[in-house]
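To start, the structure itself, in structure tokens.
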Amino acid sequence: MADDTTDTKSSNQMWGGRFASGPDAIMEEINASIGFDKKLFAQDIRGSIAHATMLAHQGIISADDKDKIVHGLNTILSEIESGNFEFSRQLEDIHMNVEARLATLIGPAAGRLHTARSRNDQVALDFRLWVKEELEKTERMLTGLIAAFLDRAEEHAESVMPGFTHLQTAQPVTFGHHCMAYVEMFGRDRARVRHAIEHLDESPIGAAALAGTGYPIDRHMTAKALGFREPTRNSIDTVSDRDFAIEFLSIAAIAGMHLSRLAEEIVIWSTPQFGFVRLSDAFSTGSSIMPQKKNPDAAELVRAKTGRINGSLVALLTIMKGLPLAYSKDMQEDKEQVFDAAESLELAIAAMTGMVRDMTVNTARMKAAAGSGYSTATDLADWLVREAGLPFRDAHHVTGRAVALAESKGCDLAELPLSDLQAIHLDITDKVYDVLTVEASVASRKSFGGTAPSEVRRQIAFWRARN
Ligand code: ARG
């Protein structure tokens, strides 16, 4: 111990008061991963059972030793699950913790488990299994969120709201159509998740330290036992690859960005100024000082979680970018990033699913807002093209004059008397008023993927068949 051989004052200057026993304590603290990788206990034990079973099948260990190992591992599994397992930081990580306990439980046979493998392929396996399960969970959660949006879209296939560009009123749309935009976004996220599951569906175990092994192992057997499509093909790549974790984080970052845009819309919509939606009490909070307030805290936190997820993605990309092949200890820093991002993503999807299902939609406010801001100006221009035969550019100009006139009178386009409209262009007739309502505007947009209720229902049917 450094403290025994050097004077206390100087070692304290070097390591600080926290590390009472000098460099050994610092080494242990920086080296140990058990604090977070104990989360991988179930995957570690599953992997070890598959490995031991294969070793016995191949005659590399005896059937008797295999039985002892499997029995011991199952005991450890229930010890950890029931909270009766003492994790030790001296034993560094989950792999060594499990193996050391196995030795206590079954004696020398435990030493045979680590034949033909290394912690390098072991950790790659455990982490892959964990990420695969997390991706499967994410897929289910996204399906739930999409279902919530489909229900709201169906309910509001005809509810008119302002559509925005630059957050300025652009053209009337339906709330159902707006909900279906999110279905498309989360549908793409789910497709990325499914693709990532296909990418990582290869078993790393048996790559050993980096070069493979001389024992006659059967990697196809372990791959099958662990639910993978096939074994990985290159042992060097296998122990140095963390693409599966980075793909998870990339997908989480993109989904997080979508969730954050939705959160931002909910924050805006729930202001008294917009008043488009009212959040349920379950997803909002009051203010400790201002009794009138109802704050969209859950939406704000979803917006913030995105920052954490992005941070995790950048962290892992940065950890990996300078590493020579194959394994380096830097890679141990992959887990906390993924665990933290997974927790944030799960929470964000769950909170959003709840908010979307629970929020009260104020269709009257939405419709009133849809009618203001000259949102049917494009419909007037289109009418001039269709009914009066004007080139679109001229129609645009005529419409601009009508908008300017309405603005100066402080009224809406539909409130301008026909004489005013005819003063701008002689061919305008009272038929024009049919297209100046917001309902007529949305009903006319029947192009494929457009906002007409009939189109929105087509989009809903498409997704219902796929959800
Ligand atoms: N705890 C380590 C990690 O997470 C396990 C692999 C250790 N391998 C090694 N060669 N030191 O990366």
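Quick look at the values:
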| read-out | value |
| --- | --- |
| Number of the exception - A153 against (1) within 16 Å of the ligand (Cβ to nearest atom); (2) crowded, with 23+ Cβ neighbours inside 10 Å | (1) |
| Residue match in the stretch 431-442 (condition: open to solvent by less than 20 Å² (accessible area, probe 1.4 Å) and either out of contact with any helix residue (DSSP H, G or I) (no Cβ under 6 Å at 6 or more places or on another chain) or over 17 Å from G373 (Cβ atoms) (or both)) | yes |
| Close pairs (6 angstrom Cβ cut-off, 6 or more residues apart or separate chains): more than 19 Å from G371 (Cβ to Cβ) in the stretch 385-409, of a type in the set (D, E, K, R) and open to solvent by 30 Å² or more (accessible area, probe 1.4 Å) anywhere | A388/D427 |
| Condition met for T376 (on the phi < 0 side of the Ramachandran plot, among the polar types (S, T, N, Q) and touching a residue at least 24 places away in the same chain (Cβ under 8 Å)) | yes |
| Of all residues in the stretch 329-360 being surrounded by 15 or more Cβ atoms within 10 Å (Cβ to Cβ) and of a type in the set (S, T, N, Q), the one that is nearest to the ligand (Cβ to nearest atom) | Q332 |
| Options A124, A109; residue that is aliphatic (A, V, I, L, M), part of a helix (DSSP H, G or I) and within 12 Å of the ligand (Cβ to nearest atom) | A124 |
| Number of positions in the stretch 81-106 that are over 21 Å from A124 (Cβ atoms) and away from the ligand (no atom under 16 Å from the Cβ) | 11 |
| Subset of the stretch 139-150 that is open to solvent by 10 Å² or more (accessible area, probe 1.4 Å) and touching a residue at least 60 places away in the same chain (Cβ under 8 Å) - its residue that is farthest from the ligand (Cβ to nearest atom) | A147 |
| V70 among the aliphatic types (A, V, I, L, M), in contact (Cβ under 8 Å) with a residue 12 or more places away in the chain and within 16 Å of the ligand (Cβ to nearest atom) | no |
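Listed here are the residues, each with its yes/no results for (1) in contact with a helix residue (DSSP H, G or I) (Cβ under 8 Å, 6 or more places away or on another chain); (2) not in a helix (DSSP H, G or I).
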{"residue": "L380", "(1), (2)": "yes, no"}
{"residue": "W383", "(1), (2)": "yes, no"}
{"residue": "R386", "(1), (2)": "no, no"}
{"residue": "L390", "(1), (2)": "yes, yes"}
{"residue": "A395", "(1), (2)": "yes, no"}
{"residue": "V398", "(1), (2)": "yes, no"}
{"residue": "R401", "(1), (2)": "yes, no"}
{"residue": "E407", "(1), (2)": "no, no"}
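The values are calculated or read from the model by the stated rules, or taken from the named source; none is laboratory data. Since this is a predicted model, take the numbers as computed values, not measurements. Please note: Cβ atoms are built from the backbone with ideal geometry, for glycine as well, and neighbour counts cover all protein chains shown. Accessible surface is based on the protein model in full, side chains and every heavy atom, while ligands, DNA and RNA are left aside. Shrake-Rupley method; radii C 1.70, N 1.55, O 1.52, S 1.80 Å.
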